[in-house]
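**Student:** Structure incoming, see below.
The values are calculated or read from the model by the stated rules, or taken from the named source; none is laboratory data. Computed from a prediction, not measured in an experiment: that's the story for all the values here. Methodologically, a virtual Cβ is constructed for each residue, glycine included, from the backbone with ideal geometry; neighbour enumeration extends over all protein chains shown.
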Amino acid sequence: MGTRGSNAWLLLEREERDLRVAVTGAGGFIGRRLCERLREEGHVLRLLTRHVERDARGGDEVAFWDATQPPAPSLLEGCDALVSLAGEPVAQRWTREVKERIRDSRVRGTAGLVEAMRGGGTVRTLVCASAVGYYGDAGERVLTEESPPGDDFLAQVCVAWEAEAQRAEALGARVVRLRFGVVLHPEGGVLHKVLPLFRAGVGGRLGSGRQVMSWVHREDVVSLVLFALGQLVLSGPVNATAPHPVTNAHFTHALAERLGRPALVPVPALALRLTLGEAAGAVLSSQRVLPQAATRAGFSFRFPHLEEALRHLLA
């Protein structure tokens, strides 16, 4: 089943096309593109944000939502589905305060959204972001949705995050927990950070380069969100990663080759730890994650291989 056809969910849950979909994290580089796709399909969007005036735009509903505060009882009233993408950025040095924000924005924020679902009483599908950090540093081991969690900080956050989302099942909602890999697009994330370095010819592998990187093209991850909304039999954890993960050294070589630049300036693991502290573990960890649940459900990746993804992203 192709990704376009997956949008049959428009007609499966209600006869009308104008579903009302609430979205958190709509201002992020995944959320922006997701909202564009949802609007193209004719949906009514309710953006949940702390910046109501900034994020308001014609045709969208905008409601105030702060992940650290109890939600208004009417926050999700009248909504058919909720996509939750919000969370404090992980790519920063982890002080104690930053770690609290990383955890609270996900765990407390999701708990509040589930309570808002209870109050509104209309949301029947929750698609909640999680991350492949759930698995911890797994080396070369192949990871599927059935693999156990790791025990580091990010793994513990993901476990608690998903547990809060799972509580929505007691309300009669279908819950899909999308474990995002490294999402690639020049507008944000890893690619946005490293492109200036590689274009200047000073890019290079991180640490040994042997760590496995489970990546995904932004267009595929957005299509997978739509697919998860539409497949009424799909629930539980779903790895949002391309079918062919690569090592960091492979990624480095492919990116440099695509840009026609050398990649001769590796970043030693020690330098990363001195710069990022504990957060360096997220950069140096190895996770060979396969999208078993998505492919079994019939989802087709438009960009299954890194080289074709980079070709499209950097055309």
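**Student:** In region 151-173, is there at least one residue being closer than 23 Å to Leu34 by Cα and not in a helix (DSSP H, G or I)?
**Tutor:** Yes.
**Student:** Going by the structure shown, is Ala228 in contact with a strand residue (DSSP E or B) (Cβ under 6 Å, 6 or more places away or on another chain) and touching a residue at least 24 places away in the same chain (Cβ under 8 Å)?
**Tutor:** yes
**Student:** When you scan region 144-158, how many residues do you find that are more than 12 Å from Ala282 (Cβ to Cβ) and buried (at least 16 other Cβ atoms within 10 Å of the Cβ)?
**Tutor:** So in region 144-158, the residues more than 12 Å from Ala282 (Cβ to Cβ) come out as 144-149, 151, 156.
Applying the additional criterion that residues be buried (at least 16 other Cβ atoms within 10 Å of the Cβ) yields 145, 147, 156.
So the count comes out to 3.
**Student:** Limited to region 104-145, what total is found for residues that are out of contact with any helix residue (DSSP H, G or I) (no Cβ under 9 Å at 6 or more places or on another chain) and part of a strand (DSSP E or B)?
**Tutor:** The number of residues fulfilling the criteria is 1.
**Student:** What is the residue count in region 60-116 for residues that are β-branched (Val, Ile, Thr) and under 15 Å from Thr24 (Cα atoms)? Outline the logic, then answer.
**Tutor:** Here is the first cut: in region 60-116, the residues β-branched (Val, Ile, Thr) are 62, 68, 83, 90, 95, 98, 102, 107, 110, 114.
Those left that are additionally under 15 Å from Thr24 (Cα atoms): 62, 68, 83, 107, 110, 114.
Qualifying residue count, region 60-116: 6.
**Student:** So the check is Cβ under 7 Å with 6+ separation or different chains; which pairs have a first residue in region 248-277 that's surrounded by 15 or more Cβ atoms within 10 Å (Cβ to Cβ) and a second one that's at pLDDT 90 or above and of a type in the set (Asp, Glu)?
**Tutor:** Listed pairs, sorted by first residue: Ala254/Glu307.
**Student:** Any idea which of (1) touching a residue at least 24 places away in the same chain (Cβ under 8 Å); (2) surrounded by fewer than 16 Cβ atoms within 10 Å (Cβ to Cβ) is the one Arg57 doesn't satisfy?
**Tutor:** (1)
Residues checked against (1) more than 17 Å from Leu314 (Cα to Cα); (2) of a type outside the set (Val, Ile, Thr); (3) over 22 Å from the mean Cα position of the chain (by Cα):
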position: Glu164; (1), (2), (3): yes, yes, no
position: Gly172; (1), (2), (3): yes, yes, yes
position: Arg177; (1), (2), (3): yes, yes, no
position: Phe180; (1), (2), (3): yes, yes, no
position: His185; (1), (2), (3): no, yes, no
position: Gly188; (1), (2), (3): no, yes, no
position: Val194; (1), (2), (3): no, no, no
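**Student:** Among the helices (runs of 4 or more DSSP H) lying completely within region 198-315, list those that include at least 3 residues that are at pLDDT below 95 and under 24 Å from Arg177 (Cα atoms). Give the steps one after another, and end with the answer.
**Tutor:** Values: elements: 218-230, 248-259, 269-276, 280-284, 292-296, 306-313.
Of the helices (runs of 4 or more DSSP H) lying wholly inside region 198-315, those with at least 3 residues that are at pLDDT below 95 and under 24 Å from Arg177 (Cα atoms) span 280-284.
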